[in-house]
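Please treat every number below as a calculation from the coordinates, not as lab data. What you are looking at is a predicted structure, and each value in this text was computed from that prediction instead of being measured. No Cβ is skipped: glycine too gets one built from the backbone with ideal geometry, and neighbour counts run over all protein chains shown.
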Ligand SMILES: NC(=O)c1ccc[n+]([C@@H]2O[C@H](COP(=O)([O-])OP(=O)(O)OC[C@H]3O[C@@H](n4cnc5c(N)ncnc54)[C@H](OP(=O)(O)O)[C@@H]3O)[C@@H](O)[C@H]2O)c1
């Protein structure tokens, strides 16, 4: 990949896609191709094929997906599996058909089994049952990884899959699709404004997560686009975990909120731990 390579960043308005664009621009890549969801629905095979045929991208970063909270996954499982499978089927297959030199697919740590030994190693994928709340999404993510591997094996396509830890940062979602970190920021902020007596958190607060700043992930993705060509998935994280209650206390302190913190244990916790073993990417020479 060089500074004049034509690079399609699918999902460039999202949390990860926008960070990749920032990084590419910072590094002097001049031929970045983007399409908004509105202007090109990647579920539409015909229109997506016209786009590939016209633009002939050399590199593809697939950061377009339907992503959401535990609640959103639980409420719209059909949309999570259908939309993700369709987007990735189209983009991966068309990347092969239009001879894309390299594609980077973003997997998810939800693809690891619920009871995976921690920290989670790449070889643990498909060794046990998934967390039920987001199983349809996780199945779609696994299918994307397998599809990259199949195209690698059958056609020699350089399609790589990256599994990032829980990402946060600029362009995060604060709506009903929000992940835990922006949800907590919003709840404490609103509680401060409204002078609420309590802030309610979903679950027990005990689950632990590895929070990963999105610009570090963008850096890792560009590093891997240059250095990594293997079909095996590769984890990317920071190697540190924080419990939801620790995170809540931290945000509460920063926000200045003085009310009560209530844990609604009738709500699901999701996976108890999600720490990635990122020794493979470290051995290649990348660190956050
Ligand atoms: N966020 C995390 O913590 C995390 C962790 C691990 C892996 N990942 C993976 O990283 C990828 C990107 O996640 P993200 O957090 O950046 O998600 P995001 O912020 O929701 O961004 C998704 C992007 O995809 C676009 N998009 C959705 N459906 C589309 C369609 N049918 N056609 C065209 N564009 C479409 C969205 O556009 P609109 O907003 O206009 O719909 C948006 O630009 C996903 O594959 C996700 O599984 C994320």
Query raised in the report: Rg to Rh ratio, the range 87-218, alpha-carbon atoms and Kirkwood radius?
Result: 1.05
Report task. May I ask you to compute the full-extension gain from residue 267 to residue 117, defined as 0.36 nm times their residue separation minus their alpha-carbon distance, rounded to one decimal in nm? Result -> 51.6 nm
Report summary line: Hydrodynamic radius by Kirkwood for the chain, inverse mean 1/r across distinct Cα pairs, in Å, is 19.6
Requested in this report: Sort out for me the Cα centre separation of the range 231-254 from the range 170-226, rounded to whole Å.
Outcome: 10
Report task. Take 148, 192, 116 and order them by how many other Cβ atoms sit within 10 Å, fewest up front. Result -> 192, 116, 148
Report summary line: Length gained, residue 38-residue 3, 0.36 nm per residue minus C-alpha separation, equals 9.8 nm
Query raised in the report: Any idea what angle helix 214-227 forms with the longest principal axis of the chain, computed on alpha-carbon atoms, 0 to 90 degrees, nearest 10?
Result: 30
Report task. Output the relative contact order of the range 46-154, whole-number percent, from Cα pairs under 8 angstrom with separation of 6+ residues. Result -> 33
Report summary line: Mean separation of Cα contacts under 8 Å (at least 6 apart) over the residue count of the chain, i.e. the relative contact order in percent, is 20
Report task. For residue 226 and residue 198, calculate 0.36 nm times their separation in residues minus their Cα-Cα distance, and state this gained length in nm to one decimal. Result -> 5.2 nm
Query raised in the report: With r defined as the distance between the Cβ atoms of residue 189 and residue 25 and R0 fixed at 30 Å, what FRET efficiency is calculated, to the nearest 0.05?
Result: 0.50
Requested in this report: Determine the relative contact order of the range 193-285: mean sequence separation of Cα pairs under 8 Å and six or more apart, normalised by residue count, in whole percent.
Outcome: 53
Report task. Return one number: the angle in degrees, 0 to 90 and rounded to the nearest 10, between the long axis of the Cα atoms of helix 15-26 and the longest principal axis of the Cα atoms of the chain. Result -> 60
Query raised in the report: Based on the alpha carbon coordinates of the range 1-145, what radius of gyration and maximum Cα-Cα distance (Dmax) apply, in Å?
Result: 16.0, 46
Report task. Put one equal scatterer on each alpha carbon of the range 148-288, apply the Debye formula with no solvent term, and list log10 I(q)/I(0) at q = 0.12, 0.14, 0.15, 0.20 1/Å to two decimals. Result -> -0.60, -0.75, -0.82, -1.16
